[in-house]
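Each remark here refers to the structure printed beneath this line.
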Amino acid sequence: MEVGRPSRFELPEVIPVFPLAGALLLPRGRLPLNIFEPRYLAMIDHALRTTRVVGMIQPCGGGTPAKPDLFPIGCVGRLTSWSETGDGRVLITLTGLARFQIASEIDANTPYRQVRTCYKAFPTDLQDCGNSEFDRARLAGSLRCYLKQHQIEADWKSIERAPAEVLINSLAMICPFGVAEKQGLLEAPTLCERANMLMTLIEMATAKGGTEPGGTLQ
(Lines give C-alpha, C1' and ligand atoms only; values in the text may rest on other atoms or scores of the structure.)
Protein backbone atom coordinates (compact mmCIF):
# COMPACT_ATOMS: atom_id res chain seq x y z
CA MET A 1 0.00 0.00 0.00
CA GLU A 2 1.40 3.42 -0.98
CA VAL A 3 0.43 6.94 0.13
CA GLY A 4 1.55 10.48 -0.65
CA ARG A 5 3.20 13.06 1.57
CA PRO A 6 1.65 16.06 3.33
CA SER A 7 2.72 19.66 3.13
CA ARG A 8 4.38 21.35 6.10
CA PHE A 9 1.01 22.74 7.18
CA GLU A 10 -0.27 19.20 7.63
CA LEU A 11 2.61 18.03 9.79
CA PRO A 12 1.16 17.34 13.23
CA GLU A 13 2.49 19.16 16.25
CA VAL A 14 2.29 16.04 18.44
CA ILE A 15 3.80 12.85 17.05
CA PRO A 16 4.69 9.37 18.30
CA VAL A 17 8.42 8.69 18.32
CA PHE A 18 10.41 5.55 17.69
CA PRO A 19 13.80 5.74 19.50
CA LEU A 20 16.28 3.58 17.62
CA ALA A 21 20.07 3.91 17.87
CA GLY A 22 21.87 3.94 14.53
CA ALA A 23 18.71 4.45 12.46
CA LEU A 24 18.86 7.60 10.36
CA LEU A 25 15.92 9.05 8.46
CA LEU A 26 16.40 12.16 6.30
CA PRO A 27 13.92 14.23 4.26
CA ARG A 28 12.82 12.25 1.20
CA GLY A 29 14.86 9.24 2.33
CA ARG A 30 13.19 5.84 2.63
CA LEU A 31 13.78 3.77 5.76
CA PRO A 32 12.53 0.14 5.92
CA LEU A 33 11.75 -1.15 9.41
CA ASN A 34 10.75 -4.48 10.89
CA ILE A 35 8.30 -3.80 13.75
CA PHE A 36 7.76 -6.54 16.32
CA GLU A 37 7.68 -5.04 19.83
CA PRO A 38 4.07 -4.76 21.11
CA ARG A 39 4.39 -1.06 22.02
CA TYR A 40 5.61 -0.17 18.54
CA LEU A 41 3.04 -2.39 16.87
CA ALA A 42 0.48 -0.32 18.80
CA MET A 43 2.19 2.85 17.60
CA ILE A 44 2.04 1.77 13.94
CA ASP A 45 -1.59 0.70 14.30
CA HIS A 46 -2.47 4.13 15.71
CA ALA A 47 -0.47 5.94 13.02
CA LEU A 48 -2.23 4.01 10.26
CA ARG A 49 -5.60 4.99 11.71
CA THR A 50 -4.69 8.68 12.06
CA THR A 51 -1.88 10.77 10.54
CA ARG A 52 0.41 7.98 9.22
CA VAL A 53 3.27 9.98 10.74
CA VAL A 54 6.05 8.66 13.02
CA GLY A 55 9.13 10.44 14.33
CA MET A 56 12.48 8.65 14.15
CA ILE A 57 14.94 9.72 16.83
CA GLN A 58 18.06 8.30 18.49
CA PRO A 59 18.66 7.66 22.19
CA CYS A 60 21.57 9.78 23.42
CA GLY A 61 22.60 7.80 26.51
CA GLY A 62 21.18 8.08 29.99
CA GLY A 63 17.65 7.46 31.16
CA THR A 64 16.42 3.88 31.47
CA PRO A 65 16.17 1.00 28.98
CA ALA A 66 12.40 1.51 28.87
CA LYS A 67 12.68 5.29 28.58
CA PRO A 68 16.10 6.40 27.32
CA ASP A 69 17.06 10.04 27.03
CA LEU A 70 16.66 11.30 23.47
CA PHE A 71 18.62 13.57 21.20
CA PRO A 72 16.74 16.86 20.74
CA ILE A 73 16.46 16.51 16.94
CA GLY A 74 14.84 13.76 14.87
CA CYS A 75 13.08 13.37 11.54
CA VAL A 76 9.38 12.83 11.00
CA GLY A 77 8.42 10.26 8.38
CA ARG A 78 5.21 9.18 6.71
CA LEU A 79 4.21 5.54 6.47
CA THR A 80 4.30 5.02 2.72
CA SER A 81 4.15 1.24 2.65
CA TRP A 82 3.35 -1.51 5.13
CA SER A 83 2.52 -5.20 5.22
CA GLU A 84 1.77 -7.78 7.89
CA THR A 85 3.67 -11.04 8.24
CA GLY A 86 2.33 -14.37 9.36
CA ASP A 87 4.15 -14.20 12.69
CA GLY A 88 2.73 -10.89 13.97
CA ARG A 89 5.35 -8.49 12.64
CA VAL A 90 4.71 -5.46 10.45
CA LEU A 91 7.13 -4.46 7.70
CA ILE A 92 6.96 -0.74 7.01
CA THR A 93 8.72 1.95 5.01
CA LEU A 94 8.97 5.49 6.34
CA THR A 95 9.57 8.30 3.86
CA GLY A 96 11.26 11.27 5.49
CA LEU A 97 9.38 14.56 5.51
CA ALA A 98 11.15 17.08 7.75
CA ARG A 99 13.45 17.28 10.73
CA PHE A 100 12.01 18.41 14.04
CA GLN A 101 13.14 19.60 17.45
CA ILE A 102 11.51 18.21 20.57
CA ALA A 103 9.69 21.03 22.33
CA SER A 104 8.45 18.77 25.14
CA GLU A 105 7.44 15.20 25.83
CA ILE A 106 3.74 14.45 26.25
CA ASP A 107 2.54 12.59 29.33
CA ALA A 108 0.46 10.19 27.27
CA ASN A 109 -1.41 7.04 28.30
CA THR A 110 0.11 5.03 25.45
CA PRO A 111 2.79 2.32 25.53
CA TYR A 112 4.88 4.40 23.10
CA ARG A 113 6.24 7.91 23.64
CA GLN A 114 4.83 11.08 22.13
CA VAL A 115 6.44 14.50 21.79
CA ARG A 116 5.42 18.04 20.93
CA THR A 117 7.48 19.17 17.96
CA CYS A 118 8.87 22.33 16.43
CA TYR A 119 9.81 22.41 12.72
CA LYS A 120 10.92 26.06 12.51
CA ALA A 121 14.66 25.33 12.57
CA PHE A 122 14.42 23.41 9.26
CA PRO A 123 12.34 25.61 6.92
CA THR A 124 13.66 24.09 3.67
CA ASP A 125 13.24 20.40 4.49
CA LEU A 126 10.08 20.04 2.42
CA GLN A 127 11.82 21.52 -0.63
CA ASP A 128 13.71 19.36 -3.11
CA CYS A 129 17.39 20.33 -2.95
CA GLY A 130 17.84 19.44 -6.62
CA ASN A 131 21.41 19.22 -7.90
CA SER A 132 23.21 21.10 -5.15
CA GLU A 133 26.92 21.47 -5.76
CA PHE A 134 29.40 19.29 -3.90
CA ASP A 135 32.71 17.62 -4.74
CA ARG A 136 31.49 14.52 -6.59
CA ALA A 137 35.02 13.54 -7.60
CA ARG A 138 36.15 13.50 -3.97
CA LEU A 139 33.08 11.51 -2.93
CA ALA A 140 33.56 8.97 -5.73
CA GLY A 141 37.22 8.44 -4.84
CA SER A 142 36.54 8.11 -1.13
CA LEU A 143 33.59 5.80 -1.71
CA ARG A 144 35.52 3.51 -4.05
CA CYS A 145 38.26 3.02 -1.46
CA TYR A 146 35.73 2.45 1.32
CA LEU A 147 33.66 -0.09 -0.63
CA LYS A 148 36.73 -1.95 -1.88
CA GLN A 149 38.05 -2.23 1.65
CA HIS A 150 34.73 -3.65 2.89
CA GLN A 151 34.21 -5.90 -0.17
CA ILE A 152 30.95 -4.18 -1.08
CA GLU A 153 29.79 -4.11 -4.69
CA ALA A 154 28.18 -0.94 -6.04
CA ASP A 155 26.10 0.08 -9.03
CA TRP A 156 28.39 2.89 -10.15
CA LYS A 157 26.18 3.94 -13.06
CA SER A 158 23.31 4.60 -10.65
CA ILE A 159 25.64 6.40 -8.24
CA GLU A 160 26.96 8.65 -11.00
CA ARG A 161 23.44 9.49 -12.26
CA ALA A 162 21.86 10.04 -8.85
CA PRO A 163 20.76 13.59 -7.98
CA ALA A 164 22.85 15.19 -5.25
CA GLU A 165 20.27 14.94 -2.47
CA VAL A 166 19.36 11.34 -3.26
CA LEU A 167 23.00 10.29 -3.32
CA ILE A 168 24.14 12.12 -0.18
CA ASN A 169 21.13 11.23 1.94
CA SER A 170 21.06 7.60 0.81
CA LEU A 171 24.75 7.13 1.65
CA ALA A 172 24.32 8.89 4.98
CA MET A 173 21.45 6.57 5.88
CA ILE A 174 23.01 3.25 4.84
CA CYS A 175 26.67 3.65 5.80
CA PRO A 176 27.36 1.92 9.17
CA PHE A 177 28.46 4.93 11.19
CA GLY A 178 28.05 5.28 14.96
CA VAL A 179 25.25 7.04 16.78
CA ALA A 180 27.11 10.34 17.17
CA GLU A 181 28.12 10.38 13.50
CA LYS A 182 24.56 9.60 12.37
CA GLN A 183 23.25 12.42 14.55
CA GLY A 184 25.80 14.81 13.10
CA LEU A 185 24.67 13.94 9.58
CA LEU A 186 21.04 14.47 10.58
CA GLU A 187 21.72 17.87 12.10
CA ALA A 188 23.89 19.20 9.26
CA PRO A 189 22.21 22.52 8.32
CA THR A 190 22.59 22.15 4.53
CA LEU A 191 23.05 19.36 2.02
CA CYS A 192 26.52 20.68 1.16
CA GLU A 193 27.57 20.52 4.82
CA ARG A 194 26.16 17.00 5.09
CA ALA A 195 28.10 16.00 1.97
CA ASN A 196 31.35 17.33 3.40
CA MET A 197 30.74 15.58 6.72
CA LEU A 198 29.88 12.34 4.93
CA MET A 199 33.08 12.42 2.88
CA THR A 200 35.14 13.09 5.99
CA LEU A 201 33.52 10.17 7.82
CA ILE A 202 34.08 7.82 4.87
CA GLU A 203 37.73 8.87 4.63
CA MET A 204 38.24 8.42 8.38
CA ALA A 205 36.60 4.97 8.30
CA THR A 206 38.82 3.95 5.37
CA ALA A 207 41.95 5.17 7.17
CA LYS A 208 41.05 3.10 10.23
CA GLY A 209 40.51 -0.01 8.11
CA GLY A 210 37.88 -2.67 8.54
CA THR A 211 37.36 -6.40 8.39
CA GLU A 212 33.61 -6.79 7.87
CA PRO A 213 32.74 -7.92 4.33
CA GLY A 214 29.30 -6.99 3.06
CA GLY A 215 26.99 -7.38 0.08
CA THR A 216 25.97 -4.65 -2.34
CA LEU A 217 25.35 -0.94 -2.50
CA GLN A 218 22.78 0.29 -5.01
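The values are calculated or read from the model by the stated rules, or taken from the named source; none is laboratory data. As the structure is a computational prediction, the values presented were derived from the model and not from experiment. Cβ: placed from backbone, ideal geometry, glycine included. Neighbour counts: every protein chain shown. All accessible areas refer to the heavy atoms of the entire protein, side chains included, with ligands and DNA or RNA removed. Shrake-Rupley method; radii C 1.70, N 1.55, O 1.52, S 1.80 Å.
If R0 equals 41 Å, the separation of the Cβ atoms of Glu160 and Asp45 corresponds to a calculated FRET efficiency of about 0.50.
Note on Asn109 and Cys192: the extension gain reaches 25.8 nm, defined as 0.36 nm multiplied by sequence separation minus the Cα-Cα distance.
Using only side-chain charges placed at the Cβ, +1 for Lys and Arg and -1 for Asp and Glu, the dipole size of the stretch 35-180 relative to its Cα centre rounds to 80 debye. Averaged over its residues, the stretch 71-147 has an accessible area of 49 Å² per residue, based on protein heavy atoms and a 1.4 Å probe. Sorting Thr95, Thr110 by solvent-accessible area of protein heavy atoms yields Thr110, Thr95, largest first, with a 1.4 Å probe.
Annotation for Asn34 and Thr93: the two label points, set 7 Å from Cα along the Cα-Cβ direction, are 1.8 nm apart. In this simple spin-label approximation, Ser132 and Ala66 carry label points 7 Å from Cα along the Cα→Cβ vector, and these lie 4.1 nm apart.
Normalising the average separation of contacting C-alpha pairs (under 8 angstrom, six or more residues apart) by the number of residues puts the relative contact order of the stretch 62-131 at 24 percent.
In the stretch 40-176, the portion of solvent-accessible area held by carbon and sulfur atoms comes to 52 percent [1.4 Å probe, whole percent, DNA, RNA and ligands not counted].
Relative contact order of the chain, taken over Cα pairs closer than 8 Å and 6 or more residues apart, is 22 percent.
The simple Förster model, with R0 at 35 Å and r as the Cβ-Cβ distance, assigns Ala207 and Lys120 a FRET efficiency of 0.35. Based on DSSP H segments of at least four residues, each scored -39500 (n - 2.57), the chain has a per-residue ellipticity at 222 nm of -10000 deg cm²/dmol.
Shown here: Kirkwood radius over Cα pairs in Å, derived from the displayed model; of the candidates (i) 20.1; (ii) 18.3; (iii) 21.5, it corresponds to (ii).
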